[in-house]
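Visitor: Got a structure for you, questions after.
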Amino acid sequence: MNLKKITAIMIGAVMAVSMAVPAMADDKVETVTDGKLTVATSPDFAPYEFYSIDEDGNPTLSGFDMDLAQYIADKMGLELEVVPMDFDGVLSELSQKNVDLGMAGLSPDPARADAMEFSDLYYKGGQSFVTVKDKADQFKTLEDANNKDYSIGAQTGSIQLDLANENTPDADIVPLPKVTDLITELLTGKMDGAFIETAVAESYQKNYPDLEIVCDVPYDTEGSAIGVCKGNEELLKAVNEAIADALDDGSMDKFIADATELAAGQTYEGTLDANGAVPEADDAE
């Protein structure tokens, strides 16, 4: 994916640059574009990142990852530029050093260490196995899902896909590019279960009560980190300092609370069309 050909969607009013005087950018911190902090994200992962739809149908890129991205940019005295794309594109763009940061509910999986640096954890969550209420009795444990007759989904390129392969190797494992695709397949009965990050599963459950979180999925590293351009140690240091500040001053708690509230309203999860609008074929939730 060529970053120059991607239309960058700038965060709207709720993500506007803080009116407070920003901290001076460290001269040692180099970014892909001078004066900007370029962040790749996959806006299909509420409450981390998604589009909040106002009463006029206008989408605004929202979520606690996006609030944190703005906070970090402000701390560094940089303009924030967010580039939405599919999740596997986030990993690719970051590994190719086309963006400074990847913020998409990333798990600091050691298998990704060659492609990016990982920040300190900014959010601790978990992993879940999800199905629909009518099928919940079929899955008392993860072992029940490990059956060739079941179609089990996970997002392409995600840690959840690794967990699916690890816990349900005998099932028909179906990787899909967006979490919204997984939810659609579950609700229409085309898929029997899916591995989804817990906070995201809980967010979808509020909008789709037919979803059922069956059980927790064991995972050694339960938490989210920011992917940082490989080898940029000064940027990694600045990001970690901003994360520490956001946790200490209560900003992160507010970001999470605000995003959770927005995610319970009208949302759209996925990339916008060339005009920056929700595609007509995809109705907002």
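The values are calculated or read from the model by the stated rules, or taken from the named source; none is laboratory data. Since we're looking at a predicted model, the values are computed, not measured. So basically every Cβ, Gly included, is an ideal-geometry build from the backbone, and we count neighbours across all protein chains shown. For accessibility, only protein heavy atoms count, side chains too; no ligands or nucleic acids. Shrake-Rupley method; radii C 1.70, N 1.55, O 1.52, S 1.80 Å.
Visitor: Which residue out of Glu212, Glu234 is assigned to a helix (DSSP H, G or I) and modelled with pLDDT of 95 or more? Spell out how you get there, then give the answer.
Guide: Working: Glu212 fails: assigned to a helix (DSSP H, G or I).
Exactly one of Glu212, Glu234 is assigned to a helix (DSSP H, G or I) and modelled with pLDDT of 95 or more, namely Glu234.
Visitor: Quick one: would you say Asp258 is surrounded by 15 or more Cβ atoms within 10 Å (Cβ to Cβ) and either in a helix (DSSP H, G or I) or touching a strand residue (DSSP E or B) at 6+ places or on another chain (Cβ under 9 Å) (or both)?
Guide: On the way: surrounded by 15 or more Cβ atoms within 10 Å (Cβ to Cβ): yes; either in a helix (DSSP H, G or I) or touching a strand residue (DSSP E or B) at 6+ places or on another chain (Cβ under 9 Å) (or both): yes.
Here the answer is yes, as Asp258 does meet what is asked.
Visitor: Separate question: Within the range 210-222, can one find any residue that is of a type in the set (A, V, I, L, M) and under 30 Å from Glu55 (Cβ atoms)? Can you show your working first?
Guide: Start the filter on the range 210-222 by keeping residues that are of a type in the set (A, V, I, L, M), which leaves 211, 213-214, 217.
Among the residues that remain, those that are also under 30 Å from Glu55 (Cβ atoms) are: 211.
Among the residues of the range 210-222, at least one is of a type in the set (A, V, I, L, M) and under 30 Å from Glu55 (Cβ atoms), which makes the answer yes.
Visitor: Identify the residue in the range 168-198 that is part of a helix (DSSP H, G or I) and within 15 Å of the chain's Cα centre (by Cα) and, among all such residues, is nearest to Asp149 (Cα to Cα). Even if it seems obvious, please write down each step before you answer.
Guide: Filtering the range 168-198 for residues part of a helix (DSSP H, G or I) gives 179-187, 198.
Filter once more, keeping what is within 15 Å of the chain's Cα centre (by Cα): 179-182, 198.
On the way: Val179: 22, Thr180: 23, Asp181: 20, Leu182: 18, Thr198: 25 Å.
Ranking the candidates gives Leu182 first.
Visitor: Moving on. Is there any pair linking a residue in the range 194-212 that is over 23 Å from Asp162 (Cβ atoms) to one that is part of a loop (DSSP other than H, G, I, E, B) and open to solvent by 20 Å² or more (accessible area, probe 1.4 Å), with Cβ under 7 Å and at least six apart or on different chains, and which?
Guide: Lys206/Ala264; Asn207/Glu285
Visitor: Which count do you get for residues in the range 54-67 that are in contact with a strand residue (DSSP E or B) (Cβ under 9 Å, 6 or more places away or on another chain) and at pLDDT 95 or above?
Guide: Of the residues in that region, 8 qualify.
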